[in-house]
1. With respect to VAL42, determine if the residue is modelled with pLDDT of 80 or more and surrounded by 10 or more Cβ atoms within 10 Å (Cβ to Cβ).
2. Kindly indicate which of LYS105, LYS72 is out of contact with any Lys or Arg (no Cβ under 9 Å at 6 or more places or on another chain), at pLDDT below 90 and within 13 Å of ALA41 (Cα to Cα).
3. Condition check: surrounded by fewer than 16 Cβ atoms within 10 Å (Cβ to Cβ) and in contact (Cβ under 8 Å) with a residue 24 or more places away in the chain. Does TYR97 satisfy that?
4. Is segment 120-139 home to any residue that is at pLDDT below 90, of a type outside the set (A, V, I, L, M, F, W, C) and farther than 29 Å from ASN51 by Cα?
5. Against the definition (of a type in the set (S, T, N, Q) and in a loop (DSSP other than H, G, I, E, B)), how does ASN147 come out, yes or no?
6. For segment 58-114, which positions are polar (S, T, N, Q) and either within 18 Å of THR38 (Cβ to Cβ) or in a strand (DSSP E or B) (or both)?
Amino acid sequence: MKNKNEIKTGVLVVLGIGLFIFGFSYLKSNDIFVSDRTFYAVYDDVEGVVNGTPVTVNGFPVGSIQNISFFKNNSLLVKFRVENDINFSINSIAQIYETGLIGGKALAIIPANDNSRVAVYNDTLASSVAPGLTELVNEKLTPLQENIESMIVSANNVLDKVNAIFDDPTRANLRTSVSDFSETIKDLKETSKMIKSVMKSNKLSIDQTITNVLDISTDLSEISKTINQSELSTTMMNFKNSSEGLSRVLNNINEGNGTISKLIDNDSLFQNLNDASKSIDLLIEDIRLNPKRYIHFSVFGKKNKPVQAKTK
């Protein structure tokens with residue numbers, strides 16, 4: 001009976017130790033029922049990764065981080081396990097990344113699709129850290145912040161220049177100009193009111209004037225129609241015929257046909273007229289000098305002797 005109790009006590013102690021080991025491994029995210037391999041990666045900064053952080057491949061959990069310790073030059077050596085069913089190249093990358101907006105971390109195995117050998121137990125993989133949301137936001141906001149600061153500096157410079165331009169005399173002039181403009185607006189309002197009043201009081205006269213203008217326009221239209229319908233075309237035709245006749249006469253003169261053409265082209269008539277004019281001048285001069293040759297007075301009825309022509 002005593003031996004049975006000791007056996008039961010031993011079995012309970014063994015079960016307790018097993019449960020403790022299982023619980024401890026579970027708390028460390030180590031599944032004792034799953035065969036796995038251990039790998040290493042070296043980082044300058046683990047970015048908040050701790051023991052038990054899941055290890056994923058294409059987003060699927062395949063293991064967890066077992067230990068983080070200092071390495072050479074204050075770098076950090078991360079030890080993690082991966083299930084044996086998952087195979088990847090020795091050139092694969094162990095990358096730390098954010099799992100969500102709340103800042104959770106995980107380690108992802110990024111398989112290298114090459115023909116290198118498969119990673120085995122205790123191999124060290126290349127490491128990298130994916131930029132987090134905060135870093136991306138800072139990366140985008142930093143240029144924006146610089147631009148905003150530059151704009152603020154430019155705006156301050158503009159304001160300083162404006163303040164330098166708009167000194168006290170300029171401000172006083174602007175106030176005066178605004179006041180004068182206000183007075184001008186008031187005058188324009190008064191003028192507008194006066195025009196409205198005049199228009200309203202003389203509405204009948206204005207309407208009558210507009211009616212008269214319309215009547216005049218109608219009369220002018222009727223006159224224009226009358227002119228168009230009159231014998232203007234006949235007059236124009238007669239004028240055209242007269243012009244054609246005058247053109248024929250001028251052509252005949254140019255061609256030497258007719259008396260006028262002969263008078264224009266032949267100077268014999270002019271010469272004869274010139275000679276006749278000279279003869280008349282000589283006759284008048286002779287009458288003035290020798291009037292007795294042409295005028296005879298006879299008291300007793302003496303006959304006049306004929307005048308003999310002077311021989312040259």
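The values are calculated or read from the model by the stated rules, or taken from the named source; none is laboratory data. Quantities reported herein were computed from a predicted structural model and do not represent experimental measurements. Quick reminder, even Gly has a Cβ in these numbers, built from the backbone with ideal geometry, and neighbours come from all protein chains shown.
1. Yes: the conditions hold for VAL42.
2. Residue meeting the stated conditions: LYS72.
3. no
4. yes
5. No.
6. Hits for segment 58-114 are SER64, GLN66, ASN67, SER69, ASN84, ASN87, SER89, SER92, GLN95.
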